[in-house]
Amino acid sequence: MARTVKAEGLRELGAAFKTLNADVQTNVACAATNAGAQVIKKRIAELAPVAPEPYKVEDVIVQPKNIARNVVVKRMKPGETSATSEHIIVVRGKRKYGYASRVAALQEFGTVSQPANPFFRPGADQAVEPALGALKKRFKSRIEKAIKEAGK
């Protein structure tokens, strides 16, 4: 399902952003995209399913809120993206984390014997507008701070 979100005031912020040097642009963009990603991460973690009690996967004891604790924000490295800054939200999945990504995928999409219990996509969809607001707010404050510091 395609969704359109309208953001006002970004044109003016973009013009101010272009006046900053490249390193400052990267720092501002990183702070802004992280702010938006954190809002989405929080909503996904709130919707993540919670097991009624600890359980064992192979020899790892998995605690009830394992999926929610392992929803993380990662910054894409320069060269992995063409954007100035990009963050992704994922569920960590290594053994020491109780295979959270594997369990999350089974919850999100279901199995032959278990119906889907989606939380990741609905959480991301629900958080789009608040995330955009957080991104815009951080973007504006960091640009204003950078311009003020450059004027000193």
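The values are calculated or read from the model by the stated rules, or taken from the named source; none is laboratory data. Remember, predicted model here, so these are calculated numbers, not experimental data. Methodologically, a virtual Cβ is constructed for each residue, glycine included, from the backbone with ideal geometry; neighbour enumeration extends over all protein chains shown.
Beta carbons closer than 6 Å, at least 6 apart along the sequence or on distinct chains, pair a first residue in the stretch 127-152 that is more than 28 Å from E46 (Cα to Cα) with a second that is of a type in the set (F, W, Y) for I143/F17.
Inspect all residues belonging to the stretch 102-111 and state whether any of them is assigned to a loop (DSSP other than H, G, I, E, B) and under 19 Å from the mean Cα position of the chain (by Cα). Please lay out each step first, then the result.
Pass one, the stretch 102-111, residues assigned to a loop (DSSP other than H, G, I, E, B): 110-111.
Now restrict to residues that are under 19 Å from the mean Cα position of the chain (by Cα): none.
Checking the stretch 102-111: not a single residue is assigned to a loop (DSSP other than H, G, I, E, B) and under 19 Å from the mean Cα position of the chain (by Cα).
Within the stretch 93-110, can one find any residue that is in contact with a strand residue (DSSP E or B) (Cβ under 7 Å, 6 or more places away or on another chain) and aliphatic (A, V, I, L, M)? Taking every residue of the stretch 93-110 in turn, at least one turns out to be in contact with a strand residue (DSSP E or B) (Cβ under 7 Å, 6 or more places away or on another chain) and aliphatic (A, V, I, L, M).
Condition (residue is part of a helix (DSSP H, G or I), within 13 Å of the chain's Cα centre (by Cα) and within 19 Å of I88 (Cβ to Cβ)) applied to the stretch 17-26: is it met by at least one residue? Within the stretch 17-26, none of the residues are part of a helix (DSSP H, G or I), within 13 Å of the chain's Cα centre (by Cα) and within 19 Å of I88 (Cβ to Cβ). If G79 meets every condition in (1) surrounded by fewer than 16 Cβ atoms within 10 Å (Cβ to Cβ); (2) within 16 Å of the chain's Cα centre (by Cα) apart from one, which number is that one? All conditions pass for G79, except number (2).
Hey, any hits in the stretch 106-115 for a residue that's surrounded by fewer than 13 Cβ atoms within 10 Å (Cβ to Cβ) and in contact (Cβ under 8 Å) with a residue 12 or more places away in the chain? No, the conditions are met nowhere in the stretch 106-115.
I61 - would you say it is of a type in the set (A, V, I, L, M, F, W, C), within 18 Å of Q38 (Cβ to Cβ) and in contact with a Phe, Trp or Tyr (Cβ under 9 Å, 6 or more places away or on another chain)? The answer is no for I61. Of the strands (runs of 3 or more DSSP E) lying entirely inside the stretch 29-99, those carrying at least 2 residues that are modelled with pLDDT under 90 and not acidic (D, E) are 55-57, 60-62. Inside the stretch 1-22, can you point out the residues that are modelled with pLDDT of 70 or more and charged (D, E, K, R)? Answer for the stretch 1-22, where residues must be modelled with pLDDT of 70 or more and charged (D, E, K, R): R11, E12, K18. Mind checking which residues of the stretch 124-144 are loosely packed, with under 14 Cβ neighbours inside 10 Å and basic (K, R)? The one that is loosely packed, with under 14 Cβ neighbours inside 10 Å and basic (K, R): K137. Only one of the numbered conditions (1) crowded, with 16+ Cβ neighbours inside 10 Å; (2) within 30 Å of I147 (Cα to Cα) is not met by N21, and that is (1).
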